[in-house]
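Remarks on the structure that follows.
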Amino acid sequence: MRRLPRRLFLGSSAAAGGLGLLAACAPGSDSGSGGSDGGGSGPAASDVETDPAALGEITLKVWDQEVRGAQNDAIEALIEAFQKDYPNITVDRVSQSFDDLQQQTGLALSGNDVPDVLQVNNARGDMGEFVKAGQLTDLSGYAEAYGWEDRFADSVLAKARYSADAVTFGEGPLWGLPQTGEVCGIYYSATKLETLGAEPPASWEDLFALVEAAQKADEQPLVLGNLEQWPALHVFGPLQAHFVPSDEIVTLAMGNAGADWTDDANVQALTQLADWAASGAFGDSPNGLAYDTAWADFTKGTGVLLIGGSWLGPDMEAVMGEDLRFMAPPAGTDGTVATTGGTGLPFAIPAQAAQADAAAAYIDYITSDTAMELIADKGGMPVLNTADLAPSSGVNKDIYEAFDAVSTDGVLLPYLDYATPSFADTAGAALQEVIGGQSEPSAAAETLQADYSEFTAGS
Amino acid sequence: MASEQAGGARPGSTGGTPLGSTGGTPLGSTGGARSGSTGGARSGSTRGAPPATGELPPATGPVPDGPLVRRGGISARWRHQRPAQDTRRRRRPAGSSAVTRRRPSAVARHRPSAVVRSHATPYLFILPAFVVYAAFSLYPLVRAAQFSLFEWPGFGPSTFVGLQNYVDLASDAAFLAAIGNALVLIVFYAVLPLVIGLVLAAIFRRGQVRGMGFFRSVIFLPQVIALVVVAVAWRNIYAPGGPLNEALRAVGLDGLARGWLGDPGAALPAVGFIGTWLEMGLVMLLLLAGMSRIPDDLFEAARLDGAGPVREFFAITLPSVRGEIVVALVLTIIAALKTFDLVYLTTSGGPGNATTVPSYEVYFRAFQLREVGSASAVAIVLTLLVFAINVGVTRIGERAS
């Protein structure tokens, strides 16, 4: 008998609370920022104060994700120098891992107490959404005032450009500025190539021949650890450029309308990936191998080639020394060197930042020529003047030169998962199934197309 | 209410009970002497019922508060405010009267206050805990239910879409795969550990081997290790060149060797087996605790009747630990349905969607796709599923006992 009233009490109070809440405002409507029509505004070049010393005593809040050795050292040194040059500005820096920052950014931007400088992932699911919600500052005015468009190559800046409604990615206003570069290329062991009597491949045909030669010699030609789903994207990206013109890849990867995953060229690229996997070129079970285990295996002598990102260089060099070399992939189907790559996360200014001018000055400072030298000194890969700043030897020399060649003369293809908010998962799963032989290349192309076309039709 | 009024108007019977049980004991020791002297016969309530009744009419008579006042405590206070009217009181020793005047509340506590007697009082005791529970469990739950009716990226404006998120889930392949996988995982997280745990517990109960405590600890150990460590360790065990495949190859089972977490058929059982390994120890410990309560003479009697170990197990051990089995099932089924860390750390839901689970879908939708509405819908469905299955398990358990 006592149970009923108690249940009634709990139930009714919960229900009353629930009703109250449901009647209350809809989620997010009280965020107090931005309009639903998207596109935060930014100052015109003439309104920008470019002398930080004239800004008075201020504290600049900076959120970044440069927690790793070289990058963290570089940022710390830059902040110290910045504060020394402009003693009126105190930089309050919060650094956390990429995942943590990514998850907090959405919440942070909708609050009222936003940082002044924030690293935002370029992808549509991140920067695109924030632009659409009007939560970032349009940097075009600052770019003009500081001359950023002369400083950076177009293909680099394009990765931080969105139209104000975020429908188009790669063109339109500028929303962020990167500091470091990344590029996917081919790592190889010099001695392994020598043993096989092969030269570094000058064309994709050479590369295919090298893979076959390695298999005949009982070597695993390519090393891939794809347990995490995304590593295959870094192999498929460069490979795709051999079959598909780079401008089409850019359209696909930026999620802009007008391209087709199911055309012959893309299916051929997927088929090549499937053939490699079926022939065992990636080893027994690339899908069961962890990314970090795979490159560690490579340093211990497994495999001839490893297609992957420039960030692996220093760690692998620590084990392999001079034996480790890096090269940009051979020229693609349209004759230019095109490979997946990009920049470190761009530094952006939230729309509600209290110190937008100082934030822009900070961003300008950490992407200046002297900053690039400092980044290179600390062992990171600067996004500008990369070839000039390359070390005199070692794998980083190869990597810097490759990045410079691709970012200035070639095409820096966007990461394929920029395309749509769900594309990382869709493409990761689809490529895993192509590699594992669970789905035909044409079927995988259909899957990718479905995600891409649904997104482009809806936006 | 009627009884309260009666009690208030006069000592009595019904009104006295709550005091006796709740506030009676402390009052009895500290305030007993005081009340005896001050209120004298009048407010002497429970203790001095017979004299009180005797003296009551004259006391209440002049003061027109008798029927109005419900409680002895309040009427006593009122009287203090008008001492002149109480002639009897005047004659009392001045000292005792002064004590009461200084500490009127002590007298007031004599009888249960309005607050104590109120039906709301038990809930007032619950309130602090309930507020915490509501703030950190009910409120998020209600908010999640609310979010599930919106299309919202987690910031900025939202659009009300009604039940559309739920309708979409019904035809969402990833979600259905996740639910299917979760049900398969119940076998690995709950059913297998229960069977293994029962056997282990029965063996441990009977066993007279040295170092039993050591073995027990070893089996329970996975529960103590951080899940991240467990996941990383198993990822290495399952690696294509890992210990499991090495062992298989060493005994000539090359055909079975594979990249366990990368093979679509093997990945889910591989993840599930980690769960079995994890939950086994917990289940065993629960059952062992239950079995230790079974009186030895039951077993002795069974043995005298000629029962072997197997018969003994089914006739005595198993029925005796039914309650523990239900608890173990509830705990492990919840663990199976809400598992996230293992999947996130070992396979990220892959290969393809082979190992995705509802919790992973919640995370993925909320933080990767920024579809908070859809994520909340998945979470609500998951909550209902966990609730329904566990109500089922508990009901079956109750009925059986």
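Every read-out reported here was derived from the displayed coordinates using simple, explicitly stated rules and does not represent laboratory data. Model, not experiment: these values are computed from the prediction. Virtual Cβ from ideal backbone geometry, glycine too; neighbours counted across all protein chains shown.
Region B:265-294 and region A:104-176 have their alpha-carbon centroids 50 Å apart.
Angle of helix A:356-366 to the longest C-alpha principal axis of chain A, folded into 0 to 90 degrees and rounded to 10: 20°.
Calculated from DSSP H runs of 4 or more alone, at -39500 (n - 2.57) each and per residue, what is the 222 nm mean residue ellipticity of chain A, nearest 500? Working shown, then result.
Numbers: 19 runs with 206 residues, N = 459.
Helix contribution divided over all residues of chain A: -13500 deg cm²/dmol.
Averaging the Cα positions of each part gives two centres, and for region B:118-157 and region A:257-285 these lie 50 Å apart.
Please arrange B:Arg117, B:Arg293 by how many other C-beta atoms lie within 10 Å of their C-beta, fewest to most.
Values: B:Arg117 18, B:Arg293 9.
Ranking B:Arg117, B:Arg293 by Cβ neighbours within 10 Å, fewest first, gives B:Arg293, B:Arg117.
A Stokes-Einstein calculation at 20 °C with viscosity 1.002 mPa s, built on the Kirkwood radius of chain A over Cα pairs, returns a diffusion coefficient of 91 µm²/s. Could you point to the residue in B:Ile219, B:Ala301, B:Leu244 farthest towards the positive end of region B:164-400's charge dipole, with +1 and -1 charges on the Cβ of Lys/Arg and Asp/Glu respectively? The Cα lying farthest towards the positive end belongs to B:Ala301. Compared with the dominant principal axis of the Cα atoms in chain A, helix A:98-110 is inclined by about 30°.
When only the Cβ of Lys, Arg, Asp and Glu is charged (+1, +1, -1, -1), the dipole of region B:164-400 relative to its Cα centre reaches about 320 debye.
In chain A, the longest principal axis of the Cα atoms and the axis of helix A:264-278 are about 70 degrees apart. Here the simple spin-label model places points 7 Å from the Cα toward Cβ, and for B:Leu248 and B:Arg322 these points are separated by 4.2 nm. Other protein chain C-beta atoms within 10 Å of residue C-beta, averaged over B:150-163: 6.
Each of A:Thr333, A:Pro245, A:Ala232 was placed along the dipole of region A:197-342 (beta-carbon charges, centred on the mean Cα), and the one lying farthest toward the positive end is A:Ala232.
Neighbour counts of other Cβ atoms within 10 Å put B:Ser148, A:Ser442 in the fewest-to-most order A:Ser442, B:Ser148.
Computed over the alpha-carbon pairs of region B:164-400, the distance histogram in 10 Å steps reads 7, 26, 30, 22, 11, 3, 0 percent, short to long. Under a 5 Å amide H cut-off, with hydrogens placed 1.01 Å from N, A:Gly181 pairs with A:Gly344, A:Met381, A:Val383 among residues at least 5 apart or on other chains.
Using a 10 Å cut-off on Cβ to Cβ distances, tally the other chain neighbours for every residue of A:226-235 and report the average as a whole number. Mind dumping the intermediate values first?
Working: counts 4, 13, 3, 6, 1, 0, 0, 0, 0, 0.
What the average comes to for A:226-235 is 3.
Listed from fewest to most Cβ neighbours within 10 Å, the set A:Trp148, A:Trp175 follows the order A:Trp148, A:Trp175.
For peptide B:123-135, the mean count of partner chain Cβ atoms within 10 Å of a residue's Cβ comes to 1.
Taking region A:243-396 on its own, what percent of its Cα-Cα pair distances exceed 28 Å? Intermediate values should be presented prior to the final figure.
Values: 5038 of 11781 pairs.
Tail fraction, whole percent: 43.
Summing Cβ point charges (Lys, Arg +1; Asp, Glu -1) relative to the Cα centre of chain A gives a dipole of roughly 1980 debye.
Between their Cα atoms, which of A:Lys159/A:Lys378; A:Lys300/A:Lys397; A:Lys61/A:Lys159; A:Lys84/A:Lys397 are more than 28 Å away from each other?
A:Lys84/A:Lys397
Of the residues B:Pro319, B:Leu194, B:Leu345, the one whose Cα sits farthest towards the positive end of the charge dipole of region B:164-400 is B:Pro319 (charges of +1 on Lys and Arg Cβ, -1 on Asp and Glu Cβ, taken about the Cα centre).
Could you tell me the center-to-center distance, by alpha carbons, between region B:362-401 and region A:195-242 in angstrom? Here the answer is 45 Å between Cα centres.
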